[in-house]
Amino acid sequence: MCKDFVNFVVSMSENQRILLLGDYSNCHRSLAAGLRALGCDVTVASDGSRWMNCERDIDICRHGDSKLAGLRYWVDIKWLMSSRLRGFDIVAVNDPVFFQLHPRRLRPLFERLKSQNGSVFLTSMSTDLAYLDMVSAPDCPLRYSEWFIDGAPSRYHESEKEQWRGWHNPVLTDYQDYFFDNIDGAVSVLYEYQLGMERRLGRQKAAYGGLPIQTELFEPVDLAERPEKVKLFLGRDRYRKLMKGSDYLEEAARRVVDRNPGRAELIIVENRPYAEFIELLKSADVVLDQIYSYTPATTALMAMAYGKPVVTGGEPEFYDFIGEHENRPIINAPIDLEALTQVLEGVVNHPESLRQLGRRSREFVVKHNDSRVVARRFLDFWNERRAAKS
């Protein structure tokens, strides 16, 4: 391939029209901010991540589960496809199921996305069959996930057997196989998802981007040098306690608070709109997020942007993967309840360490997850793949 041509495509990236279709936890909205800072023309079409009510340029929310609601939604989507969701250089969807529709309806819509726009990519930010196939494989590179621990079904798996079977319904698997065979590539926001994408697509068609955080919106808050009472903050989706292990985080935190009256308190916040939630994060000394992830996800990274220590996934494999060998501020959350309790006990017993951990957390997010840094990774990969097609 002509090197000059590749350089030309990359140099034109700032003038491209980009559609970010669908969203989870404000990821695409934050990515849009980073892309716009790089000079791109970006449109976000999403349902606002449901109860989070995140900002978007085009609303694609489905109102109701009835057949009539489904028909109205189908008509609305068909109109959008023929009017506002076409003519983009790049389309990035948040999920193989990028509209709340049956797979038999999604396939022709995906074909229209491909025919009416330049290139179509996946932003790998949620569970899909590529990830599930990896975590259930005998040679899975992860020691644990929400679905399996050391190769055995987890407590979440045992409680959600019907959901697991639903994921492997032939109608859905056939559609997702078609989807993965026809996208131009995928950019993953988490280490775990990247492993799944590489396994499914190969390394040439999969790249790690990271979760974008608009760090300029999170004014760092310096913690007290030695908080008299450590405020443990648990923000969660009440419907995904087992999946994220936040029930263990709650139980471990309550044990620690009971053992240390007057020295620790637990604040639990569930299912709040995004704008309200990020304000509530400011009240925390330490933010508890999840236990089955190798990496910090959105809530943890936003807290870190504020300069808050977090208890969440922070495995050595993740740090090594992103090339971070010095600043490793995340308090890694064990998946065992007793060990998790001990970790939280250590946090409460050493409040003098929290301020420095918070400052290092802010530095980590600015370096690795600032929306402009992440947007550049996405843009470079998209243009690399587009150049490879030409």
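The values are calculated or read from the model by the stated rules, or taken from the named source; none is laboratory data. Quick caveat: nothing in here was measured; it's all calculated off a predicted structure. Cβ sites come from the backbone with ideal geometry, for glycine too, and all protein chains shown count toward neighbours. The accessibility values were calculated without ligands, DNA or RNA, using every heavy atom of the protein model including side chains. Shrake-Rupley method; radii C 1.70, N 1.55, O 1.52, S 1.80 Å.
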Note: among Ile335, Ile322, Ile291, just one is open to solvent by 20 Å² or more (accessible area, probe 1.4 Å), β-branched (Val, Ile, Thr) and over 30 Å from Asp89 (Cβ atoms), namely Ile335
Examine the stretch 253-274 for a residue that is in a helix (DSSP H, G or I), within 18 Å of Pro334 (Cα to Cα) and open to solvent by 20 Å² or more (accessible area, probe 1.4 Å), and state whether such a residue exists.
yes
Being within 26 Å of the chain's Cα centre (by Cα), farther than 20 Å from Ser283 by Cα and not charged (D, E, K, R) narrows it down to one of Pro212, Pro220, so name that one.
Pro212
Checked the stretch 57-99 for anything open to solvent by 80 Å² or more (accessible area, probe 1.4 Å) and either among the aliphatic types (A, V, I, L, M) or not in a helix (DSSP H, G or I) (or both); matches are His63, Asp65, Leu68, Leu71, Val75, Arg84, Arg86
Mind counting the residues in the stretch 112-144 that are more than 30 Å from Ser390 (Cα to Cα), open to solvent by less than 20 Å² (accessible area, probe 1.4 Å) and outside any loop (DSSP other than H, G, I, E, B)?
4
Note: among Glu352, Glu384, Glu317, just one is open to solvent by 40 Å² or more (accessible area, probe 1.4 Å), of a type in the set (D, E, K, R) and under 27 Å from Pro227 (Cβ atoms), namely Glu352
Can you name every residue in the stretch 275-288 that is of a type in the set (Gly, Ala, Ser) and open to solvent by 30 Å² or more (accessible area, probe 1.4 Å)?
Ala275, Ser283
May I ask you to list pairs of residues, at least six apart or on different chains, whose Cβ atoms are under 9 Å apart, with the first in the stretch 361-385 being of a type in the set (A, V, I, L, M) and the second being at pLDDT below 95?
Leu379/Val10; Leu379/Ser13; Leu379/Glu14; Leu379/Gln16
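Quick check on the stretch 332-352. Is at least one of its residues closer than 30 Å to Lys114 by Cα and either among the basic types (Lys, Arg) or out of contact with any Ser or Thr (no Cβ under 6 Å at 6 or more places or on another chain) (or both)?
no
Residue by residue, here is whether (1) at pLDDT 95 or above; (2) outside any helix (DSSP H, G or I); (3) of a type in the set (Phe, Trp, Tyr); (4) more than 27 Å from Phe110 (Cβ to Cβ) holds:
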{"site": "Asp4", "(1), (2), (3), (4)": "no, no, no, yes"}
{"site": "Val9", "(1), (2), (3), (4)": "no, no, no, no"}
{"site": "Leu31", "(1), (2), (3), (4)": "yes, no, no, no"}
{"site": "Leu35", "(1), (2), (3), (4)": "yes, no, no, no"}
{"site": "Gly39", "(1), (2), (3), (4)": "yes, yes, no, yes"}
{"site": "Glu55", "(1), (2), (3), (4)": "no, yes, no, no"}
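Looking at the stretch 284-339, which of the residues that are among the polar types (S, T, N, Q) and free of Cβ contacts under 8 Å to residues at least 60 places away in the same chain is farthest from Arg255 (Cα to Cα)? Write out each step before concluding.
First, the residues of the stretch 284-339 that are among the polar types (S, T, N, Q): 290, 293, 295, 298-299, 312, 327, 332.
Filter again for free of Cβ contacts under 8 Å to residues at least 60 places away in the same chain, leaving 290, 312, 327, 332.
On the way: Gln290: 17, Thr312: 18, Asn327: 30, Asn332: 19 Å.
So the residue we want is Asn327.
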